[in-house]
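Q: Structure provided below as structure tokens; questions to follow.
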Amino acid sequence: MGAKILLMTIFVIFACLVWFYFYARNKDHSKSALILLVKKIADEKLPKEMFHEDIEAELFELLKHREEILEDFFDKNVKSGIALDLDKKMDKDEFLKLISEKLSPDIGQSKEKIYEEFLEREKASSTNIAEGVAIPHIVIPGENRFQLALARANQGIEWEADSEPVKAVFVLIGSIDRRDTHLKALMAVSQIVQNDEFFTRWEAADNAEDLKSTIMLMPRKRHNKVS
């Protein structure tokens, strides 16, 4: 009886995936719906010993093959970088202090120094580039350094007095020899946030790790070389 139930469950999941394929193959990377669908089925139907926390990572790999997505340097840095899912309302200074503290260990600079660099960058010109989006980015000493961080601010960050609260932050920090990577990352982010579905997908992400998958599956021009 147990084997029969398991086979029926697998059939249901397969049928749902087939339905999704024919429904969404002409749509633009409908990742969130598929992952939520399969996770819901797995949560409700599959025995606990067959379900594990890495299912999102496995689904993402399957989706990459389905959509023939080739990872580039930006995907690589999103995957290895920091992702924050913030529920506290804060202002720009609070956020920059927080992200400076998070970045400090990997960058090899004090959180105070990183924070000062972010402040100087904001004084030069605001990195609140569009409604609800900010891309704070700085150049640091050293060689071959590049770090990317994502942050979703569910309650909003008061970035500029006359602007809408920021809900999505992309942080770029790198050394001068990685200038090309820095500029390409800025272009990648710009493409992503201009997509009409960006905020819908961003807000639908389950958690910090799902934010990474959401960004990696957003349509954009990719660079073949991974650096």
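Only the coordinates and a few stated rules stand behind these numbers; no lab work does. In this text, all values refer to a predicted model and were calculated from it rather than measured experimentally. Cβ coordinates were reconstructed from backbone atoms using ideal geometry, including for glycine residues, and neighbour counts include every protein chain displayed.
Q: If you count, for each residue, the other Cβ atoms within 10 Å and average over each peptide, how do 136-148, 192-204 line up from highest to lowest?
A: 136-148, 192-204
Q: Also: Under the 0.36 nm per residue contour assumption, what length would be gained going from the current alpha-carbon distance of ARG179 and THR200 to full extension?
A: Using 0.36 nm per residue and subtracting the Cα-Cα distance, I get 4.4 nm.
Q: With θ taken as phi - 60° and the coefficients 6.51, -1.76 and 1.60, list the Karplus ³J(HN,Hα) couplings across region 170-182 in order, rounded to whole Hz; mark glycine and proline as x.
A: Listing the rounded values in order: 10, 9, 10, 9, x, 7, 5, 6, 9, 4, 4, 4, 4 Hz.
Q: Hey, rough spin-label estimate for ARG222 and LYS123, points 7 angstrom out along Cα→Cβ, what's it come to in nanometres?
A: That separation, rounded to one decimal, is 4.1 nm.
Q: Test of understanding: extend the Cα→C-beta vector of GLU71 to 7 Å, then name every residue of region 203-218 with backbone N under 17 Å from that spot.
A: 209-218
Q: Given the pairs LYS89/LYS221; LYS113/LYS221; LYS102/LYS123, which span a C-alpha to C-alpha distance of over 31 angstrom in this model?
A: Too far apart for the 31 Å limit: LYS89/LYS221; LYS113/LYS221.
Q: At 7 Å along Cα-to-Cβ for each site, give me the label-to-label distance between LYS88 and ASP162 in nm.
A: Roughly 3.0 nm, to one decimal.
Q: Related question: So what are the ³J(HN,Hα) numbers for region 216-222, from phi and the Karplus equation (6.51, -1.76, 1.60; θ = phi - 60°), rounded to whole Hz, Gly and Pro as x?
A: Result, rounded to whole Hz: 5, 9, 6, x, 6, 6, 10.
Q: Label region 149-207 by shape, choosing from rounded, prolate and oblate, from the square roots a ≥ b ≥ c of the eigenvalues of the Cα gyration tensor; if a/c is under 1.5 it is rounded, and otherwise prolate applies when a/b is larger than b/c, oblate when it is not.
A: prolate
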